[in-house]
Amino acid sequence: MKDSNFLKENNGRQFWHPMTSPQDSIDNPPKIITEAEGVRLRDIDGHEVIDAVGGLWNVNLGYSCQPVKDAIAGQLNRLPYYSTFRGSSNDTAIELAYELNAFFAPDGMTRAFFTSGGSDSIETSLRLARQYHKLRGEPGRTKFLSLKKGYHGTHFGAASVNGNANFRTAYEPLMPGCFHIPAPYPYRNPFNETDPARLATLCAAALEDEIAFQGANTIAAMVMEPILGAGGVIPPHESFAPMVREICTRHGILLITDEVITAFGRTGAWSGARLWGIQPDMMATAKAITNGYFPFGAVMIGGHVQEVFENNPAAKIAHGYTYSGHPVGAAAALACLAETHRQNVPGNAATRGTQIYEGCLALMEKYEIIGDVRGGHGLMTAIEMVSDRSTKKPIGGDVAQVVQETAYQNGTMIRVSGPNIILSPPLILTEADAAGILSALDAGFAAV
Ligand code: PMP
């Protein structure tokens, strides 16, 4: 490894970082992480912290999951790559598809399509949704619906269904035919409705209204995160997803759940669909599928979508990636599935999630700057900061950065996104780790 001065000097100069400006990477140098163990990171200066970000919501099993590392190393040595494009396949991808179909069987899924990450999985599901309707003889169904504040990635398709201007404006015009419904976000919504159940009904009514306005026979699919993640951890009322499911079914619209964060235990359930008791038509997955150790994703395909494709000899899937079914990713994913079961990862996510959520609610009692705390479903929690609780004016200046840096100096890496602190630690967190995160946050808020 190069020495630390070289690395610090070259970080912002040699490559552009996602989701920030080139100048910002120079003016506000990021933490350079050089080692990790369990749920802890060590930076270039030797400072150790708990990773309350969990990589980027993906390192569910922590940084020392030896079976996953062994699976990757073993696969690299035996077969480091082979394509699954027409005419070839590899044994590891076949085995993984078999296991994923079993894992997602309770969600109604029967087939897998492999990708290289979350944005790819969304792109794939949007394309397959359009093709599904063409195969069924309804080629006019081309539009997509999604939730405001939803995050679905950065390809043109994904950005077009994203519900946050931050990810859209610089790259417009985006894909035509994408329309957005208000999110069931009780703290801020156009209806001024704070009751989650009533708000869910209003948002479902807005969905019905948009479908009527567009014409159901022009809409291919609705894309939705079971719990909105990057938009600020917004768990809808439990009635919401079942209402959306029913509306989509009634209008012949496919429901794609974006499970890039929620699949594999993050919410305390095995999948977001299972959390809400719905069966989507497709599920987009990525991230924790390989514990962040290898770029990989899978779109899971539900029974009747499968039938439409498989019963039509003309249904050529003119889509795929060089790395679709990459054997190293597939080997990592097989090991992750086994570890998720062996360690009952969703169970621990539920218990530790409650601890973190309740701890954040206690911090809200203590600090005026906390306007809202959202979570309660596994290890995805957000703290929304305001400069005035009565007007809900979002915090300004460098307040968030001070909280973040103080928390870091007190032993915890947290992520700030706009006015929100987002906590998404590895799901193998212990009680003491969770307490450590809360006490670092306490120090962070005390500093402002
Ligand atoms: N969907 C959701 C819900 C996500 O959180 C993300 C990434 N944060 C994506 C899609 C895009 O995934 P990727 O960054 O792997 O392309």
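Read-outs: derived from the displayed coordinates by stated rules, not from any lab. Computed from a predicted structure; not experimentally measured. Don't worry about glycine lacking a Cβ; one is built from the backbone with ideal geometry, like all the others, and counts go over all protein chains shown.
Put in line by how crowded their Cβ is, counting other Cβ atoms within 10 Å and starting with the fewest, 399, 59 read 399, 59. Here the translational diffusion coefficient of the range 223-271 follows from Stokes-Einstein with Rh set to the Kirkwood radius across Cα pairs; for 4 °C and 1.567 mPa s it amounts to 113 µm²/s.
Taking H as built 1.01 Å from N, whose amide H comes closer than 5 Å to the amide H of residue 150, not counting residues under 5 places away? Amide H neighbours of residue 150, under 5 Å, 5+ apart: 163. Computed from backbone phi, the HN-Hα couplings of the range 211-221 come to 5, 5, 5, 6, x, 3, 6, 10, 9, 7, 7 Hz, rounded to whole numbers (Karplus: 6.51 cos²θ - 1.76 cosθ + 1.60, θ = phi - 60°; Gly and Pro given as x).
Coupling constants for the range 242-259 follow from the phi torsions by the Karplus curve (6.51 cos²θ - 1.76 cosθ + 1.60, θ = phi - 60°), and in residue order they are x, 5, 4, 4, 5, 5, 4, 4, 4, 9, x, 9, 6, 10, 9, 8, 8, 9 Hz; glycine and proline get x.
Scaling the Cα radius of gyration of the chain by the globular reference 2.2 N^0.38 Å produces a ratio of 0.97. In the chain, taking the dipole from charged Cβ atoms about the Cα centre, the farthest positive-side position among 20, 447, 81 is held by 81.
Select from the range 1-54 those chymotrypsin sites (Phe, Trp or Tyr not before Pro) which occupy a DSSP coil region and have at most 15 other Cβ atoms within 10 Å, ordered by residue number. Please list the in-between numbers first.
Details: sites: 6, 15, 16; in loops: 15, 16.
Within the range 1-54, the qualifying chymotrypsin sites (Phe, Trp or Tyr not before Pro) (loop, at most 15 other Cβ atoms within 10 Å) are 15, 16.
Note on residue 27 and residue 169: the model spin-label points, each 7 Å out from Cα along the C-beta direction, lie 1.6 nm apart. Summary of the geometry: the range 13-56 and the range 77-146, compared by the centres of their Cα atoms, lie 32 Å apart.
The convex hull drawn around the Cα atoms of the range 166-273, when projected onto a plane and averaged over every direction, covers 7.4 nm².
Dipole size of the chain about its Cα centre, with +1 on Lys/Arg Cβ and -1 on Asp/Glu Cβ: approximately 1020 debye, rounded to the nearest 20. For the residue pairs 31/366; 31/287; 287/366; 2/31, the alpha carbons lie more than 26 Å apart in 31/366; 287/366.
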